[in-house]
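S.K.: What follows is a single structure, and I will ask about it in a moment.
The values are calculated or read from the model by the stated rules, or taken from the named source; none is laboratory data. All figures in this text were calculated on a predicted structure; none of them were measured in a lab. Here the Cβ positions follow ideal geometry from the backbone for every residue, glycine too, while neighbour counts run over all protein chains shown. To get the accessible areas, we keep the full protein, side chains included, count just its heavy atoms, and leave off ligands, DNA and RNA. Shrake-Rupley method; radii C 1.70, N 1.55, O 1.52, S 1.80 Å.
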Amino acid sequence: MHVFTTAAELRAYSEAARSAGRRLALVPTMGALHNGHLQLVQAGAAAGYDVIASIFVNPTQFNNSDDLRLYPRLPEQDTALLAGAGCTALFMPTVAEMYPQPTVLHFDFGPLERVMEGAHRPGHFNGVATVVSKLFHLARPHAAYFGQKDFQQVALVRQLIEDLSFDLELIVYPTVREVDGLAMSSRNRRLSAEARAAAPLLYRVLTQAAEQVRQGVAPAEVQALAQAALATEPQFTPEYFEVADAQTLQPLAQYVAGCGVVLCVAAHLSGVRLIDNVVV
Ligand code: PAF
């Protein structure tokens, strides 16, 4: 596995691989890799791509300095895991390499980003769109793999690809879960044993709510029941629970025939912010 730390190295690698007729897939990550990330790499390799993974804890998408400072960083372990998963190249730049000067460009995704993560983490999606655009330009992949766990991020990246005509296929991979249902996340490492034991409630609440949606329980009632269920665990501080249109991500007042429903939740669990979702 090649390991690059400069944009020039990554560009040169991509150009050479493309000239040689290789097909490239990008798996962008912030490191502290778990099985969810590795499955993206394995899926790309199995589809015949040379897989480029990136590890970059992107400061511009953090609106909380403690969250950025405490974000787990495990470069040696991650490098070994990626090599074992069949990754062809790893891009691990410094902040100065990615942002030689502060960016001035600003992304606005309209209603898509005015809800949920966008509403609760001001500036977050501007940072995501900036770094993802840079990675697309540098790596020039034919495909990019993202996990469905970040449902709203996927919707925005899809919009970014369409609006800026990036010539690549977006491949969305289902959320990978622990045996007790907890969605895999790099932040799970920061959970205390007590918090980790409580964490699966998030997915239980989502699956109960999904069943209620299937039974036709009104969105506002589904939301209220989910919030009440989360409140039974005092370690949780819920941030939002939304019953939303799976395309537009706007909260639903009522169900519309033929329109997909996504249930999205964010909650703090003993100081660690967790998100999850289920598409009904
Ligand atoms: O999902 C993530 O880990 C990040 O938001 C991403 C896509 C790597 C951009 O920094």
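S.K.: Let me check something: with ligands and nucleic acids excluded, how do E76, E9 order by accessible area (1.4 Å probe), largest to smallest?
M.R.: E76, E9
S.K.: Could you let me know the centre-to-centre spacing of region 1-73 and region 187-255, using Cα atoms, in angstrom?
M.R.: What the calculation gives is 30 Å, centre to centre.
S.K.: Top mean-square fluctuation among G258, G21, G118, Gaussian network model of the chain, C-alpha springs under 10 Å?
M.R.: G258
S.K.: Translational D (Stokes-Einstein, µm²/s) of the chain at 4 °C and 1.567 mPa s when Rh comes from the Kirkwood sum over C-alpha pairs?
M.R.: 66
S.K.: Report, in deg cm²/dmol and to the nearest 500, the calculated mean residue ellipticity at 222 nm for the chain, where each DSSP H run with n ≥ 4 adds -39500 (n - 2.57) and the sum is divided by the residue count.
M.R.: Calculated at 222 nm, the ellipticity per residue is -12000 deg cm²/dmol.
S.K.: To the nearest 10 square angstrom, how much accessible area does H268 have with a 1.4 angstrom probe?
M.R.: The accessible area comes out at roughly 60 Å².
S.K.: D167 versus A16, label points 7 Å from Cα toward the beta carbon: distance in nm?
M.R.: 2.2
S.K.: Using heavy-atom solvent-accessible surface (probe 1.4 Å) with all chains present, what is the largest-first order of S186, S65?
M.R.: From most accessible down to least: S65, S186.
S.K.: How much solvent-accessible surface does H2 expose, in Å² to the nearest 10, with a 1.4 Å probe and all protein chains in place?
M.R.: Here the accessible area works out near 90 Å².
S.K.: Could you order V104, V128 so the one with the most accessible surface comes first? Probe is 1.4 Å.
M.R.: Order by accessible area, largest first: V104, V128.
S.K.: Let me check the size of region 69-118 from its C-alpha atoms; what are the radius of gyration and Dmax in Å?
M.R.: 16.4, 41
S.K.: Turning to a different aspect of this structure: For the chain, modelled as a Gaussian network with Cα springs under 10 Å, which listed residue fluctuates most, D50, D78, D108?
M.R.: D108
S.K.: Taking region 1-107 as the region of interest, what is the percent of Cα-Cα pairs per 10 angstrom bin, listed from the shortest bin to the one with the maximum distance?
M.R.: Going from the shortest bin to the longest, the percentages are 14, 43, 33, 10, 0.
S.K.: Pop out the carbon and sulfur fraction of the accessible area of the chain as a percent, whole number, probe 1.4 Å.
M.R.: Roughly 53 percent, rounded to a whole number.
S.K.: Pairs of alpha-carbon atoms within less than 8 angstrom and 6+ residues apart define the contacts here; what relative contact order does the chain have, in percent?
M.R.: It rounds to 18 percent for the chain.
S.K.: Determine how large the accessible area of M92 is when every protein chain is in place; take a 1.4 Å probe and give Å² rounded to the nearest 10.
M.R.: Rounded to the nearest 10, that gives 50 Å².
S.K.: Another one. With each label point set 7 Å from Cα along the Cα-Cβ vector, what nm distance links A193 and Y255?
M.R.: For the pair A193/Y255, the computed spacing is 4.3 nm.
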